[in-house]
Amino acid sequence: MINLETNLLSAPLPVLLIDSSDSIVALNKAAISWGFVVDQKIETYLELHGKPFATELSAKRESKPRIFRFPCSEKHCHVTAQKSKDGILCWLHDVSPQLAMAERLRQAAIPGENQLRRINHLSSTALGYAELLDVIMSDLDSLSPEQMALVQHYQSEVRHSLQSIQKSTVSEKFRSQSVKSSVLVVESHAALNELITELLTGEGYKVTSFLDGESAVQYLQVNHHKVKTAIVEEAPKGLDKTSLINVLSDVAPGLDVIVLAANPASSPGRAIRKPLDFEQLLQMLED
């Protein structure tokens, strides 16, 4: 019988160890609480698409969202993989609450201003903590007890924000809003990019978003007369921060640039701290 290391056994995220035949050979406590069982095949819980799951994870470190099904529930998860001497360690990141929140927002009509601001602020807070979780979990070998405590804290914050969103979403009726100015978003974190785009659109802004700086510059060269503000991450793909801001300013001299930064004081011009406070971002857009 294979045993996981102590820090993995007590990790707040479910951890599976699977072998090359897709058999589960070890679990931590969180995985057991979900309903996983040692010696079961992963296909007991997951629909496979041709090749074995272990082969898929060997080819890339993180899988697209997958649905794990249990007798009385199901979980939508990102799977982060790490090779070990006994097989492949799989960390399961449950994104079911975020998907449920997004579905509620889609099904809602057009939120009233105060209601939407509260939803947006809570959503961005939740995603900000989720992004921090991504950063912490990016190097699985170096997780310390202090980082494990941070993971638990951030998960608690995400859960609290999502619960507040659920209450807020169903508590009021929604009103229409007028269309505001055009905004360009450059953010390589796909989930954060999508959330900023969706929430600004809900506020009435016309939003065009890109995951890399070069594509954003190409777009702005053609549409510089349409865009009033650019929201740019601190280290975008394709161009470094300073180069991108300079290029954007050269293409559109009157462009207002807001930088999403870990340390706003070190960024040129206007900047806002991550994790993102969406209410503060809205205020900066309106100023």
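What follows is calculated from the coordinates using simple rules that are stated; it is not laboratory data. All figures in this text were calculated on a predicted structure; none of them were measured in a lab. Cβ atoms come from the backbone with ideal geometry, glycine included; neighbour counts cover every protein chain shown.
Tell me whether segment 1-44 comes out rounded, prolate or oblate; compute the Cα gyration tensor, take square roots of the eigenvalues as a ≥ b ≥ c, and use a/c under 1.5 as the rounded threshold.
It is oblate, given that a/c is not under 1.5 and a/b is not larger than b/c.
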Inset, instruction - Please give the FRET efficiency for Asp19 paired with Gln155, using the beta carbon to beta carbon distance and R0 = 25 Å, rounded to the nearest 0.05. - result: 0.30
Inset, instruction - Go through Lys29/Lys51; Lys75/Lys274; Lys75/Lys206; Lys29/Lys60; Lys29/Lys85; Lys180/Lys274 and tell me which ones have a Cα-Cα distance over 30 Å in this structure. - result: Lys75/Lys206
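Residue separation times 0.36 nm, minus the C-alpha to C-alpha distance between Glu279 and Lys60: what's the value?
Full extension of this stretch gives 75.2 nm more.
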Legend entry - Overall form of segment 202-284 per C-alpha gyration tensor (a/c, 1.5; a/b vs b/c): oblate
Legend entry - segment 182-286 - percent relative contact order, Cα under 8 Å, separation 6 or more: 23 percent
Inset, instruction - Quick one: which residues, 5 or more positions from Asp22 or on another chain, have an amide H under 5 Å from its amide H? H modelled 1.01 Å from N in the peptide plane, none for Pro or chain starts. - result: Ala54
